[in-house]
1. If you average the C-alpha positions of the range 12-89 and of the range 128-163 separately, how far apart do those two centres end up, in angstrom?
2. How large is the dipole of the range 5-137 about the Cα centre if only Lys and Arg carry +1 and Asp and Glu carry -1, each at its Cβ, rounded to the nearest 20 debye?
3. Which order do peptides 94-101, 134-141 fall in by mean Cβ count within 10 Å, highest first?
4. Could you check the spin-label model distance between Glu33 and Phe146? Points 7 Å from the Cα along Cα→Cβ, value in nm.
5. Roughly what % of DSSP beta bridges within the chain run antiparallel, to the nearest 5?
6. Within the range 55-86, find all residues whose amide N lies under 19 Å from a label point positioned 7 Å from the Cα of Ala107 along Cα-to-beta-carbon.
7. Please give me the summed charge of the neighbours of Ile58: other residues whose Cβ is under 15 Å from its Cβ, Lys and Arg +1, Asp and Glu -1.
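Any read-out appearing in this document is the output of simple, stated calculations on the displayed coordinates, not a laboratory observation. Source: prediction; values computed, not measured. Here the Cβ positions follow ideal geometry from the backbone for every residue, glycine too, while neighbour counts run over all protein chains shown.
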Amino acid sequence: MSALVGVIMGSKSDWATMSHTVDMLEQLGIPHEAKVVSAHRTPDLLFSYAETAAERGIEVIIAGAGGAAHLPGMCAAKTHLPVLGVPVQSSMLSGVDSLLSIVQMPAGIAVATLAIGRAGAVNAALLAASILGNKYPEHQQALQAFRAKQTSNVLDNSDPRQA
Ligand code: RP5
């Protein structure tokens, strides 16, 4: 099946974070693709990626970037698809720069901003599953199964003194 989720990131150095998104999409069985697309190093590629994503069958884009992280916002400006932004934890400012760059979109173009780092990367995949679940029952069921397992893991191991 062709990819429903496009995972893009500004640099290969973002893979340590964005691999958590891909891992969760794989766990949920959601078809996806992953690619390095830089807003400032490959701006033409970013434009063509965003402009052609919908016609290629992509329904959700997850964009991870760090520092002056303009990738999610620029991507959202060039597509009507939902764009989920993941702030990558930067070395200089611990990802606060990435977070503020992504979250503070001026009114008119929306980016759904997740948490900094691994939590945001994982949750971006879960949010994509929620969005796709409105249309694809199998993806909604996979998300519900993931959550049920997470709940039972806590309930079955609720003594904090035991590993
Ligand atoms: C951003 O610059 C990338 O998203 C990355 O987080 C950051 C640093 O990139 P590299 O210099 O490691 O390639 O565009």
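1. If we compute the Cα centre of each part, the gap is 24 Å.
2. Details: 7 positive and 9 negative charges, 15 e Å.
That gives the range 5-137 a dipole magnitude of about 80 debye.
3. Numbers: 94-101: 19.8, 134-141: 13.4.
The densest-packed peptide leads the list: 94-101, 134-141.
4. Calculated label separation equals 2.1 nm.
5. Working: 0 of 17 bridges.
Approximately 0 percent, going by the DSSP bridge assignments.
6. Answer for the range 55-86: 77.
7. On the way: positive: Lys35, Arg56, Lys78, Lys135; negative: Glu33, Glu51, Glu55, Glu59.
Neighbourhood net charge equals 0.
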